[in-house]
Amino acid sequence: MEELGYSTLLMPDGLQLLSPFPSLAVAACATTTLRVGTFVLAGPLRSPRATAWEGHTLSVLTDGRFDFGIGTGRPEAQRFAEALGRPWGSAGERLQEVAESIEQLRGLDGERHTPVLVAAGGPKALALAGRTADIVTLAAPPLAGRDHLAGMATTLREAAGERAGDIEIAMNLFAIGDEIPPWTQKFIGADHATLVAHDSQTLLRGTPAEMADELRRRRDAYGVSYVSVNGSFVDQLAPVVELLAGR
């Protein structure tokens, strides 16, 4: 990832994978400039204090190369919480756990400032992100089009108020090019033709130059300057990364 020009390596959170904190520590040790981050921690899988403790530790050990990504958890994370003996809670309770985790992290950090990334979809999550996050991923549905993303960005800025200029807006790409791997199609519940028909903003296609231009348009339209993509597409997106470097 570092050699291809990517700035950050992100790792999901779930019992189907290795634990994200030691995994990212290994990645940080194997590189020199690459940032690492969780994308994103499922709040219910740990107590807020434990989440903050792990995040602060990785921030220190990587000398500030860690982004603390957190959210309320995708629906499938409920079975992970149950397996760990943790309560799942209501949507409001899970959002409160996210807020408490961030507060605990800030307390542990002291003068250190670990960047916090919040994945937010609904108005309440966007409001919390606007108050507390450094980076906010607009967690839009897979078929969301331009108007939907623009509305989410506006809601975030309104919630952030005077902080709006300090927040980096992010979005996630589910698919690159003209084909979608079967596992991706199953995950998002849509095929390539459906994404195209809805002008889905989770899809990026065309030549490297066209994809770079499209990302610039999204930057101008929504303020998005942080773009994440699944590891399956890193080679396809690498030429675009090179075109956008420093721009």
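The values are calculated or read from the model by the stated rules, or taken from the named source; none is laboratory data. Computed from a predicted structure; not experimentally measured. Positions of Cβ are generated from backbone atoms using ideal geometry, with glycine treated the same way; all protein chains shown enter the neighbour counts.
The table below lists the values:
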item: Residues that are farther than 17 Å from Thr137 by Cβ and either surrounded by 23 or more Cβ atoms within 10 Å (Cβ to Cβ) or among the hydrophobic types (A, V, I, L, M, F, W, C) (or both), drawn from segment 65-90; result: Phe80, Ala81, Ala83, Leu84, Trp88
item: Selection count where residues are of a type in the set (A, V, I, L, M, F, W, C) and touching a residue at least 24 places away in the same chain (Cβ under 8 Å), scope segment 189-206; result: 4
item: Which numbered condition Phe187 misses (of (1) surrounded by fewer than 20 Cβ atoms within 10 Å (Cβ to Cβ); (2) more than 23 Å from Tyr6 (Cα to Cα); (3) modelled with pLDDT of 95 or more); result: (3)
item: Odd one out for Ala193, checked against (1) surrounded by 14 or more Cβ atoms within 10 Å (Cβ to Cβ); (2) among the small types (Gly, Ala, Ser); (3) more than 21 Å from the chain's Cα centre (by Cα); result: (1)
item: Segment 154-183 residues that are of a type in the set (Asp, Glu), paired with ones that are part of a strand (DSSP E or B) and crowded, with 20+ Cβ neighbours inside 10 Å (beta carbon under 6 Å, 6 or more apart); result: Glu168/Ile135
item: Hits in segment 126-147 - residues which are surrounded by fewer than 24 Cβ atoms within 10 Å (Cβ to Cβ) and small (Gly, Ala, Ser); result: Ala127, Gly130, Ala139, Ala140, Ala144, Gly145
item: Qualifying helices (runs of 4 or more DSSP H) (wholly inside segment 178-247; at least 2 residues being within 30 Å of Pro115 (Cβ to Cβ)); result: 182-188, 208-222, 234-244
item: Whichever residue in segment 32-69 is among the β-branched types (Val, Ile, Thr) and in contact with a strand residue (DSSP E or B) (Cβ under 8 Å, 6 or more places away or on another chain) and, among such residues, is farthest from Pro87 (Cα to Cα); result: Thr62
item: Enumeration of residues in segment 10-64 that are surrounded by 21 or more Cβ atoms within 10 Å (Cβ to Cβ), more than 22 Å from Ser228 (Cβ to Cβ) and either at pLDDT below 95 or of a type in the set (A, V, I, L, M, F, W, C) (or both); result: Ala52
